[in-house]
1. Rolling a 1.4 angstrom probe over the protein heavy atoms, how many square angstrom per residue are accessible across region 289-348?
2. Which value, in Å² and to the nearest 10, is the accessible area of LEU311 when all protein chains are kept and the probe is 1.4 Å?
3. Using a 1.4 Å probe on the protein chains only, how many percent of the accessible area of the chain belongs to carbon and sulfur?
4. Rounded to the nearest 500 deg cm²/dmol, what is the calculated helix-only ellipticity per residue at 222 nm for the chain, with -39500 (n - 2.57) per DSSP H run of length n ≥ 4?
5. R0 = 30 Å: FRET efficiency of GLN336 with ARG224, Cβ-based, nearest 0.05?
6. Using percent of Cα pairs over 31 Å apart as the read-out, say which of (1) 41; (2) 37; (3) 54 was calculated from these coordinates.
7. Between THR156 and VAL141, 0.36 nm times their residue separation minus their Cα-Cα distance comes to what?
8. Can you check what the net charge comes to around VAL121, using other residues whose Cβ is under 14 Å from the Cβ of VAL121 (Lys, Arg +1; Asp, Glu -1)?
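The values are calculated or read from the model by the stated rules, or taken from the named source; none is laboratory data. Just so we're clear, the structure is a prediction, and the values are computed from it rather than from any experiment. Here Cβ is always computed from backbone atoms with ideal geometry, including for glycine, and neighbour counts include all displayed protein chains. These accessible areas exclude ligands, DNA and RNA; they are computed on the full protein's heavy atoms, side chains included. Shrake-Rupley method; radii C 1.70, N 1.55, O 1.52, S 1.80 Å.
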Amino acid sequence: MIRSTERIAAADVLRGFALLGILLVNMRYFSSPALYDDGVKGSDFDRVFVAVVDVLFEASAYPLFAFLFGFGAVMMFHRLQSRGERPIPILLRRFFLLLGIGIAHAFGLWFGDILIPYALVGFIMLFFFAAPPRWWRTAAVAVFFLFHGLMALLLTLNVLTGEMETAGGHETAAVRHYRNGTFRDVFWQRWNDWMYINGDGGLLLTVLTVLPFCLLGGYAADQRWLEADRHSPAKLRRLMRWALCFGLALKTIPYWAAANDLTMYIQDSFGGAALAVFYAAAAVFICGKPSWQRAWRWWQDVGKMSLTHYLAQSLVCTSLFYGYGLGWYGRTSAWQEMLIAFALYATQVWISRFWFARFHYGPVEWMWRWGTYGTRPPFRRRPGQ
């Protein structure tokens, strides 16, 4: 049973770090038709940047957010129970609000939204709250290995038969609409891109990809995995060492073996998960070092308003790259995109410290909390608070 009612530092630090990883991965999709043509254009320097992001963050950042989504839902469930409230109706409102935010984000800002799948997984998680914690763990492991094992088998057959899916020239339309199109052109291109990812069962596949991490996060909340005093530094170092070595070995498979659909799927689905374990263990490890607090507090503040920052990243980047903004779409190189990403993230870090010196919640988090509980939460801090 969860006993702590305070925010857990490692969870917020991990959110802050994952937010950087998500931005670095998403930057290519903000700035170019990489959804349809993932070839890296430019110099060897650009290819190195793309490879580093691919190995370190691709398919390793979203499992962290999914894990933390499940973690936060279970923490909230127990806190509501401890106050004598009915958790399920409140969580149901919370997930419906998240679904609405995701729909607005997907069709109003950027097609690569992940909030819609999280909300749908949230509805599935409601059926698990009455179950023993071991059910969460068992379901997480079963869904992960059954789903990815089946997908790997299908991709093996696909590679053996030589069947490959092609984008059919969609990248040309994306460049034309995003770079020079009107708001209407951009909207319909965004719609087509979302359908390309989520149509024909794609949304279901995304939900099944996210679900095991959310369930594992719920189990971790019940077992207090992210509380720094629960683990010895030696145990965390061993876990970090093994997860890092195993994760990097899998994440680099397409670089030292044949690069095809199967090896890239193993790279992302299994290597990404292993590297996510390393990042989670590292967050717990550093939060167990009080002398490092001045450093990890920066990550923590960003993580406390991660939803606001996630939406802000889409707003800023689409304004930079789309035609109704600066129109940089398809005109920047990989190293320039990385500079933009780091500059944007550094700005968000600074804003977070400034913000929490004056306010209790991020603006979107505050509105989400208000809608969830039905009562207006405090927003501005009082002097000396």
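1. Values: 2740 Å² over 60 residues.
Using a 1.4 Å probe on heavy atoms only, each residue of region 289-348 averages 46 Å².
2. Ignoring ligands and nucleic acids, LEU311 comes out at about 30 Å².
3. On the way: 12160 of 18680 Å².
Roughly 65 percent, rounded to a whole number.
4. Values: 17 runs with 276 residues, N = 385.
Computed ellipticity for the chain at 222 nm equals -24000 deg cm²/dmol.
5. Numbers: r = 43 Å, r/R0 = 1.43.
The formula returns an efficiency of 0.10 here.
6. It is the value labelled (2).
7. Details: separation 15, 0.36 × 15 = 5.40 nm, distance 2.19 nm.
Working it through step by step, the gained length comes to 3.2 nm.
8. Numbers: positive: ARG94; negative: ASP113.
Its environment carries a net charge of 0.
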